[in-house]
Every structure is written in C-alpha cells, then in structure tokens.
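Participant: The structure's right below; bear with me while I get my questions together.
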Amino acid sequence: MSGNQTIMEQTEQVTTATPSSYRERSANASSFLQRCAEYRRIAGIDEIGRRYLAMNAFDGILTMIGVLMGSWVGGIMDSKIVLFTGLATSMAMGISGFWGAYMTESAERKHDLRDLEQAMLRDLSDTTQARASRFAAIAVSFIDGISPLAAGMMVMLPFALTKLWGSISVSYYASLGVALVMLFGLGVFLARVAKENILRSGVRMIIAGVVCVLLSFLLNMGG
C-alpha cells in the first residue's frame, strides 16, 4: 500500500510539474523570438538578407547549369558522378558563402560599433546594439551559405531520381528545366521587392541561364 501511494504521489508531482514546465518553455521561446525580431529590426537584416538570398541563389543556380552543361558536353552518362559533382560544388559554395559572409559581416559591424562607441564615448559591448550586430552577422551568414546550397541541391534533384525514369538524358533535361524555373521564380521575387513587372524580371533571369547554356555549347564547339 505504501509503495502504491508513493507511485501515485510521484505521478501527481510529474503531472503538476509538466504544465508549469511547458509554460516556462513556451515563455522562453516567445522571449527568444521577440529578441530575434528586435535584433532583426535594429540591425536591418531584412534588406541585407534579401540581397544575399537573391545574389547567392542566382550564383548557385548558374553554377549548377555550368556543372550540367560541362557534364553533358563531356559525355558523362553516370548519374551518380553528375549528382555528387553538383552536390560537392553546392556544399563548397555554401561553406564559402557562410564563412566569407560571417568574417566580412563581423568585421564591418565591429567597425561600425567601434565608431559608435567613439562618438558616444562609452562601451557598447554589452548593449542591445552589440547583441543585434552579433546576431545579424550569424543570420546573414546563414542566409549567404544556405541559399546557394539549397538552390544547387534542388537543381541536382532529378539525378537522384534517375532510376524512376531510367534515362540520364531525362535527368539532364529535367535539371535544366528546374534551373530555368528557379531563375524565373527568383526574378519574380526580385520584381515583387522592387515593385516591377514580374514577367519581364523573370524572363531577364531566364536569359542569364540560356546565355550560360549557349556559352557551354560554344566552348565545346571551340574545343
């Protein structure tokens, strides 16, 4: 009887503690999100993030078009080789983007913070402004790194599905089609930001991809 009573008491304690613990975690999460929103506003992350997202996604897509065309004109008919080459290139771009952006953003924001400290004649290292700067460096670096990586992986996706249609030629055409669609979508995104004509902006981005394809063919003919 005593053992059953002990078990019941422990169960009641867990049951009583669980809602309190859940509320505490929810409050912490809400507080964290509020701080992130405040840092984002102070550091002006939205504008910089959009710029890095568009620029690096564009680089990632065009680089994958280059990988596709180089593999095609080189006569590579093994889907694994094309897939791994594309993924390795995408990962290299992602790491390069993250590291380069972090080092650059950190240096620039530390420089701006020191200028502000000199103007205000006080130490700002433990202020909201300093924390926002550090948060911005990490957030912008993440965007800079993930955008070419994600774009490249999406373009290479058809090669991971080659067994479904049984022809690597279909994978080449499908990947090129995905790349062009993504370029158009990127153009639409930029047009909405700039409040310009969506169709015109999308077509301009597709032209960049077509130019990349044509140059690859010209290089092959020249070789």
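The numbers here are math on the coordinates, done by the rules we state, and not lab data. What you see is a predicted model, and the numbers here were worked out from it, not measured in a lab. Quick reminder, even Gly has a Cβ in these numbers, built from the backbone with ideal geometry, and neighbours come from all protein chains shown.
Participant: To make sure I understand, if each residue's beta carbon is the centre and we count other beta carbons within 10 Å, what order do Ser167, Ser175, Ser141 fall in, fewest to most?
Facilitator: Details: Ser167 12, Ser175 25, Ser141 21.
Sorted ascending by nearby Cβ count, the order is Ser167, Ser141, Ser175.
Participant: Please work out the Cα convex hull volume for the range 165-223 and give it in Å³ per residue. Can you show the working numbers first?
Facilitator: Values: hull volume 4.4 nm³, N = 59.
Measuring per residue, one finds 75 Å³ for the Cα hull of the range 165-223.
Participant: What helices does the chain have that are whole DSSP H segments, at least 27 Å long along their own axis by Cα, and with mean Kyte-Doolittle hydropathy of 0.5 or more? Show your work: numbers first, answer last.
Facilitator: On the way: long enough: 2-43 (60 Å, -0.89); 45-73 (41 Å, 0.74); 79-120 (60 Å, 0.01); 128-160 (47 Å, 1.06); 168-194 (39 Å, 1.80); 198-222 (36 Å, 1.80).
Passing helices, by number: 45-73, 128-160, 168-194, 198-222.
Participant: Further question on the same structure: Put one equal scatterer on each alpha carbon of the chain, apply the Debye formula with no solvent term, and list log10 I(q)/I(0) at q = 0.16 1/Å to two decimals.
Facilitator: At q = 0.16 Å⁻¹ the computed log10 ratios are -1.08.
Participant: Now, a different point. Could you work out how far apart the two model spin labels at His111 and Arg51 are, taking each label as a point 7 Å from the Cα in the direction of the beta carbon, and quote it in nm?
Facilitator: 1.3 nm
Participant: Kindly rank 111-121, 79-89, 56-66 from highest to lowest mean number of other beta carbons found within 10 Å of each residue.
Facilitator: Details: 111-121: 11.4, 79-89: 17.7, 56-66: 22.7.
Output ranking for 111-121, 79-89, 56-66: 56-66, 79-89, 111-121.
Participant: Which loop trypsin sites (Lys or Arg not before Pro) in the range 155-223, with loop taken from DSSP, have no more than 14 other Cβ atoms within 10 angstrom of their Cβ? List each step's numbers first, then the result.
Facilitator: Numbers: sites: Lys163, Arg192, Lys195, Arg200, Arg204; in loops: Lys195.
Passing both the DSSP loop test and the Cβ count: Lys195.
Participant: Related question: Add -39500 (n - 2.57) for each DSSP H run of 4 or more in the chain, then divide by its residues: what number comes out at 222 nm, to the nearest 500 deg cm²/dmol? Present the calculation step by step, with values, prior to reporting the outcome.
Facilitator: Numbers: 7 runs with 202 residues, N = 223.
Taken over the chain, the calculation gives -32500 deg cm²/dmol.
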